[in-house]
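Working notes for the structure below.
The values are calculated or read from the model by the stated rules, or taken from the named source; none is laboratory data. This is a predicted model, so every value here is computed, not measured. Positions of Cβ are backbone-derived with ideal geometry, glycine not excepted, and every protein chain shown enters the neighbour counts. These accessible areas exclude ligands, DNA and RNA; they are computed on the full protein's heavy atoms, side chains included. Shrake-Rupley method; radii C 1.70, N 1.55, O 1.52, S 1.80 Å.
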Amino acid sequence: MAARTVVITGASRGIGAAIAGELARRGDHVVLAARTREALEQVASSSGSRTHVVTADVTRRADVERLRDDAIRAFGGVDVWINNAGRGIVRAVLDLTDEDVDEMIAVNVKSALYGMQAIAPHFMERGRGHIINISSFLGRVPVASPRSAYSAAKAALNSLTANVRGDLRRTHPAINVTLVMPGLVTTEFARYARGSTGPIPPGAIGSPMQSQTAEEVAAIVVDVIDKPVAEVYTNPASQAVAARYFADVDGFESGAERRAD
Ligand SMILES: NC(=O)c1ccc[n+]([C@@H]2O[C@H](COP(=O)([O-])OP(=O)(O)OC[C@H]3O[C@@H](n4cnc5c(N)ncnc54)[C@H](OP(=O)(O)O)[C@@H]3O)[C@@H](O)[C@H]2O)c1
């Protein structure tokens, strides 16, 4: 398979770094973006020479446009753009401040919107490309009240992703758009969540599922690049849990409360 150029936001650690490592091992060109240059450079040096590092804050539209321009300059074009940067929160709905909500929207929704709007014209010009938005199972099934505004932001991202997929499919059928919804992944996500004072206590998440490693999630994302699909839950248990939730929300929530007792 020919080498592809893949831009990954939030590539300085966690899932983004694992995707970068896996793609670089397979011979792809990888553009790694995040705010922390030193961490990006560490990921790049362990991923090999076909990497390029760009410091960018994805909550700023100008930074995301600069990331696109820099990636195209470095490798001559972009084949895949992965909106992976994101941040959680630990705050129940009734305690949310304006700043909490604004930050969740900025880092989890606007960041990906800026990415899609920045790269879509490039993909349209080439007649092909692949946008991958890393959302969360919580954006589909909101079963963790401490993550409230995060789940809401990911739900918004899910909607934008579905809508842009439909729009692009009509005019540019070779541009793919994929929504990826991981469950619990063993990264430092919880530690960096806004308002975090440590891990969320057991039971606060209504539907306990086995956690996955960043590498397991990365392998699924790489598969999706090879064989694009509309959306994917990375955790094999998620589909059945979501089906149970939508079949009977009241019953599901009552069961979750019992599990949390
Ligand atoms: N871990 C989970 O359980 C889990 C579950 C479902 C979905 N997800 C989603 O998976 C994605 C990756 O999460 P993760 O677990 O790998 O989290 P993580 O370990 O906290 O990594 C987050 C990454 O995003 C970057 N980032 C944060 N804010 C940014 C900003 N304003 N501009 C640019 N980069 C920014 C961070 O780098 P800098 O700090 O250097 O900028 C870091 O590279 C997120 O979208 C998350 O919502 C995670």
Requested in this report: Return a yes/no flag: does the stretch 221-240 have any residue that is in a loop (DSSP other than H, G, I, E, B), modelled with pLDDT under 95, of a type in the set (Ser, Thr, Tyr) and open to solvent by less than 40 Å² (accessible area, probe 1.4 Å).
Outcome: no
**Report entry** Where a residue in the stretch 174-188 is more than 11 Å from PRO228 (Cα to Cα) and its partner, wherever it lies, is surrounded by 23 or more Cβ atoms within 10 Å (Cβ to Cβ) and of a type in the set (Asp, Glu), with Cβ under 7 Å and at least six apart
**Finding:** none
Report task. Tell me, yes or no, whether the stretch 161-172 has at least one residue that is touching a residue at least 12 places away in the same chain (Cβ under 8 Å), closer than 16 Å to ILE105 by Cα and within 14 Å of the ligand (Cβ to nearest atom). Result -> yes
Query raised in the report: Does the stretch 117-127 include one or more residues that are among the aromatic types (Phe, Trp, Tyr) and away from the ligand (no atom under 14 Å from the Cβ)?
Result: yes
Report task. State whether the residues of the stretch 57-72 include one that is open to solvent by less than 20 Å² (accessible area, probe 1.4 Å), within 10 Å of the ligand (Cβ to nearest atom) and either closer than 22 Å to ARG191 by Cα or among the β-branched types (Val, Ile, Thr) (or both). Result -> yes
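I'd like to verify a number: residues in the stretch 20-31 that are of a type in the set (A, V, I, L, M) and either open to solvent by 10 Å² or more (accessible area, probe 1.4 Å) or near the ligand (Cβ under 9 Å from one of its atoms) (or both), how many?
First, pick out the residues of the stretch 20-31 that are of a type in the set (A, V, I, L, M): 20, 23-24, 30-31.
Going one step further and asking which of them are either open to solvent by 10 Å² or more (accessible area, probe 1.4 Å) or near the ligand (Cβ under 9 Å from one of its atoms) (or both), we end up with 24.
Of the residues in the stretch 20-31, 1 are of a type in the set (A, V, I, L, M) and either open to solvent by 10 Å² or more (accessible area, probe 1.4 Å) or near the ligand (Cβ under 9 Å from one of its atoms) (or both).
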Report task. Please note which strands (runs of 3 or more DSSP E) are completely contained in the stretch 9-120 and include at least 2 residues that are over 13 Å from the mean Cα position of the chain (by Cα). Result -> 29-34, 51-55
Requested in this report: Might you check whether a residue that is more than 13 Å from GLY86 (Cβ to Cβ) and assigned to a loop (DSSP other than H, G, I, E, B) occurs anywhere in the stretch 146-164?
Outcome: no
Report summary line: Exactly one of ARG50, ARG37, ARG73 is in contact with a strand residue (DSSP E or B) (Cβ under 8 Å, 6 or more places away or on another chain) and modelled with pLDDT of 95 or more, and that residue is ARG37
